[in-house]
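Visitor: One structure, pasted below without further comment.
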Amino acid sequence: MPAVLQIGQQMLDASQLIEKLKQYRLMPQLVQEFVIDTAIAQIECDPSKAMESFCAKRGLFSEEQRQAWCKQQGQSPQGMLQAAVREYKLGVFQEETWGAQIESYFLQRKTQLDRVCYSLIRTKNASLAQEIYFRLNDDGASFNDLARLYSEGQESKTGGFIGPVELNVPHPVLARMLSVSQPGQLWAPTQIGEWLVIARLEQFEPAQFTDAMRQRLLTEQFQTWLRQELQATKVNEIRGDAAPLGDQLPSNDLLADGVPSDAASGESSPDGSMPSGNIAEAPLNSSTNSSTSLPSDLSSEASPAVS
C-alpha cells in the first residue's frame, strides 16, 4: 500500500495512519471535526467579513500581526482564511439553529446560572456543629475564625468563604438552601451525607441575559447537539480484516475536549473552591444523596472541641 504521509523519516500508509489515529486517541477529534464540517457546509460566507471578525477577536490588526499569528500556529495565509471562514460559519450555524429560542433556554436555566458567595463550615461531630452554630448565631463569633479552626474541608483555608459560583456548582442540597436564603441568613447544622453543614449566604448575584451569556448558551446548545450527533455517527475502516472503528471508540470519548466555538463565553466558569464532587462543588446531575458526591479523602480524625 503506498505511503500517504511522511513524518520525519517514517512513511505511513493509510492503514498505519488509521492505527496511529486510534493509538493516540485522535480519532474522536477527527470524527468531531468532520461532523461539524458537514453541518456548516451549506452556509454561505463572505470570506473578507469572516477574516475581519476572526482577526478582531484575536487583536490582529496589522499584516505583521497576522503573519506572526500564522507562524505561531504553523498556518499559511490560506489556512488562516479557512479557519476564519469555518469559525464564522459555525457562529452562523449556532445562531440559525438555536438563536430564536435561546432566551427561553436562559429562563429555564436561570436558577442554575445565578451566582452566590457563601460561607461554609462542615464537620462530622454533631455536638461540635451545634456549639459552632450557637457561637455564630447567639454570640456573634467570627465565621472566618471558626471555619479556619474547625471546618474539616478545604474551605477552612479561606475562612469558610466560597464564591462567587453558580448555583449549579454546590451540592444540590446546599444549592437549594442558598437559593431560598437572604444575605446574612445562617443555616443551623444540616445533614448532607456524612457531614453536618453550617452555611451562610453572603451575596446573591442574579444571572443577566447579556451578549456574553447569550453566546455561552448558544455554545452550550451546540455542544449538546454535537454529543448527540457523535453518538449517532458510525465510523468504519474500509478494510477487509478491520473491525468497525465505532467499536474502538468509547462513547464517553466521542466529544473531544476542544469543541470549537466562535466566541469566548465571557462568563468565567465557576471553578469553586473545592475539588469537584463535594458539598461545595458538585456536578449538575449529582444525586441529592451527598454520600456519593463528598470527598472521601478528608481527615476522619475527631475535631477538637470548641473552647
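Visitor: Sort out which residues of the range 1-55 are of a type in the set (A, V, I, L, M, F, W, C), farther than 27 Å from Trp225 by Cα and part of a loop (DSSP other than H, G, I, E, B), and write them in order of number. Spell out how you get there, then give the answer.
Guide: Step one: of the range 1-55, the residues of a type in the set (A, V, I, L, M, F, W, C) are 1, 3-5, 7, 11-12, 14, 17-18, 21, 26-27, 30-31, 34-36, 39-41, 43, 45, 50-51, 54-55.
Restricting the remaining residues to those that are farther than 27 Å from Trp225 by Cα gives 1, 3-5, 7, 11-12, 14, 17, 55.
Hit for the range 1-55 is Met1, nothing else.
Visitor: Oh, and also: Please indicate, with yes or no, whether at least one residue in the range 118-137 is within 29 Å of the chain's Cα centre (by Cα), assigned to a helix (DSSP H, G or I) and of a type in the set (D, E, K, R).
Guide: no
Visitor: Would you check if there is a residue in the range 169-180 being part of a loop (DSSP other than H, G, I, E, B), modelled with pLDDT of 95 or more and over 22 Å from the mean Cα position of the chain (by Cα)?
Guide: Within the range 169-180 (the criterion being part of a loop (DSSP other than H, G, I, E, B), modelled with pLDDT of 95 or more and over 22 Å from the mean Cα position of the chain (by Cα)), the answer is yes, since at least one residue qualifies.
Visitor: Could you figure out which of (1) within 21 Å of the chain's Cα centre (by Cα); (2) under 30 Å from Glu44 (Cβ atoms); (3) without any contact (Cβ under 8 Å) to a residue 24 or more places away in the chain isn't true of Ser76?
Guide: (1)
Visitor: Something else now. Of the numbered conditions (1) surrounded by 17 or more Cβ atoms within 10 Å (Cβ to Cβ); (2) within 27 Å of the chain's Cα centre (by Cα), Gln108 fails exactly one; give the number of that condition.
Guide: Here Gln108 meets the rest and fails (1).
Visitor: Which of the residues that make up the range 13-65 are of a type in the set (Lys, Arg) and within 11 Å of Tyr88 (Cα to Cα)?
Guide: Lys49
Visitor: For Arg109, state whether it is in a helix (DSSP H, G or I) and in contact (Cβ under 8 Å) with a residue 24 or more places away in the chain. So that I can check it myself, show each step before the final result.
Guide: Numbers: in a helix (DSSP H, G or I): yes; in contact (Cβ under 8 Å) with a residue 24 or more places away in the chain: yes.
Criteria met by Arg109.
The values are calculated or read from the model by the stated rules, or taken from the named source; none is laboratory data. Predicted model, so just to flag it, every value in this text is computed and none were measured. Positions of Cβ are generated from backbone atoms using ideal geometry, with glycine treated the same way; all protein chains shown enter the neighbour counts.
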